[in-house]
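Below: one structure, written as structure tokens.
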Amino acid sequence: MFGRLRRKEKTEESTQKTGSAWKRAFGGIFGRGGIDDDFWDELEEALIISDVGARTSMELVEELRELVEENGWKEPEQVREALHDRIVTTFSDLSEQDPLPNETPTVLLVVGVNGVGKTTSIAKIARSAKEEGRNVLLAAADTFRAGAIEQIKIWGERLDIPVIAQGEGGDPGAVTFDAMSASKARGIDLLVVDTAGRLQTRHNLMEELKKVRGIIDREGQGYAVKVLLVIDGNTGQNGLSQARAFTEAVKCDGVMLTKLDSTAKGGIALAIAGELGLPVWFAGTGEKAEDFSEFDASGFADTILPQSIAS
């Protein structure tokens, strides 16, 4: 959607506040005079409080310890460079899949709990796709939450993108079926399906989501089907449990990390990528449709662990 250079610039721009949080947490560590036991303890603690999570943090520190021993490193800056490269590798190894392939029509099923910015994320993706010349359709399959259908309709009007919807309390499966039928009839390039924001612990709602996925799989012959999980960058380790539950239910393909313009530490992205193998596809900041970028691993690492972090 963006060129590589523009994608890197947008990711760096989107994660400035996250980078400031990491500098506060890590600056003193990499500014130390040497590498000792206290250095490793402080580094692991900083990773954990940056929402990387205990398991991923311990694994990263263990890898870094081995590199220090193998290479005879003495300076914390050498560890910072290695951690920077490891973060880039973690995300880059997962980034080969195209989230919205141009060569085939695509259905993007968007899932996530309430309050993560799912509807706004849908608008951002739809706007970018339309600007690329794609023929976009929105499906308001969140029929449970009051106002959800109206929100999608408002965004559709603002962006001049058609919306398939029924009344509040309707059957989300029926909305999805109608949207698939309309997509085929109208030659739609990208169908984006909103779903009810649900707690990952609500079994009946997750079962409903599985039915929606089943309808898309059944009716979407000739379409690439992608499932995007929207995660609030402020969520912390609860984001990992969300990612695990939604992936088990509907096999998520990628993540959009939102609200990086606030106090988000962003480390949850590392935990999700490292433990579940889910790539981060998009980053979002703010409420405007243009507050959005494709995720660039190098740009993210450059922002959270810049060379000047120790100064």
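The stretch between Glu132 and Ser241, if pulled fully straight at 0.36 nm per residue, gains 35.8 nm over its current Cα-Cα span.
Taking Cβ atoms as reference points and 11 Å as the exclusive limit, the residues near Asn238 contribute a net charge of -1, counting Lys and Arg as +1 and Asp and Glu as -1.
For the chain, modelled as a GNM whose springs connect Cα atoms under 10 angstrom apart, the maximal fluctuation among Pro105, Pro172, Pro162 occurs at Pro162. Its Cα centre serving as origin, the range 54-205 has a Cβ charge dipole (Lys and Arg +1, Asp and Glu -1) of approximately 880 debye. Amide H contacts of Phe292: Thr285, each under 5 Å away and 5 or more positions distant or on a separate chain (H built 1.01 Å from N in the peptide plane; Pro and chain starts excluded). Helix content alone sets the calculated 222 nm mean residue ellipticity of the chain: runs of n ≥ 4 DSSP H residues at -39500 (n - 2.57) each, divided across all residues, give -16500 deg cm²/dmol. Label-to-label distance, Asp160 versus Thr104, with points set 7 angstrom from Cα along the beta-carbon direction: 3.1 nm.
Helix 172-186 versus the longest principal axis of the chain: what angle, 0 to 90°, nearest 10, using Cα atoms? Roughly 80 degrees, rounded to the nearest 10.
Report for the chain the percent antiparallel among DSSP-assigned beta bridges with both residues inside it, nearest 5. Within the chain, antiparallel bridges account for around 10 percent of the total.
Evaluating 6.51 cos²θ - 1.76 cosθ + 1.60 at θ = phi - 60° for every residue in the range 277-283, the Karplus couplings come out as x, 9, x, 8, 8, 9, 10 Hz, glycine and proline recorded as x. Helix 4-14 and the long axis of the chain differ in direction by around 80°, with both axes built from C-alpha atoms.
Shown in residue order for the range 190-197 are the 3J(HN,Hα) couplings computed by the Karplus curve 6.51 cos²θ - 1.76 cosθ + 1.60 at θ = phi - 60°: 9, 9, 10, 9, 7, 10, 5, x Hz (x for Gly and Pro). Sparse packing (at most 12 other Cβ atoms within 10 Å of the Cβ) combined with a DSSP loop state is found for the following GluC sites (Glu not before Pro) in the range 49-120: Glu96, Glu103. Using only Cα atoms and rounding to the nearest 10 degrees, what angle (0 to 90) does helix 118-131 make with the longest principal axis of the chain? In the chain, helix 118-131 runs at an angle near 80 degrees to the longest axis.
Charge tally for Asp217 (other residues, Cβ to Cβ under 11 Å; Lys, Arg +1; Asp, Glu -1): +4. Cross-link pairs exceeding 21 Å between alpha carbons, from the set Lys130/Lys226; Lys130/Lys184; Lys23/Lys259; Lys210/Lys259; Lys130/Lys153; Lys124/Lys210: Lys210/Lys259; Lys124/Lys210.
Where a number appears in this text, it was derived from the coordinates with a stated rule and is not lab data. In this text the structure is predicted, and so the values were computed from the model without any measurement. A quick note on method: Cβ atoms are made from the backbone with ideal geometry, for glycine too, and the neighbour counts reach across all protein chains shown.
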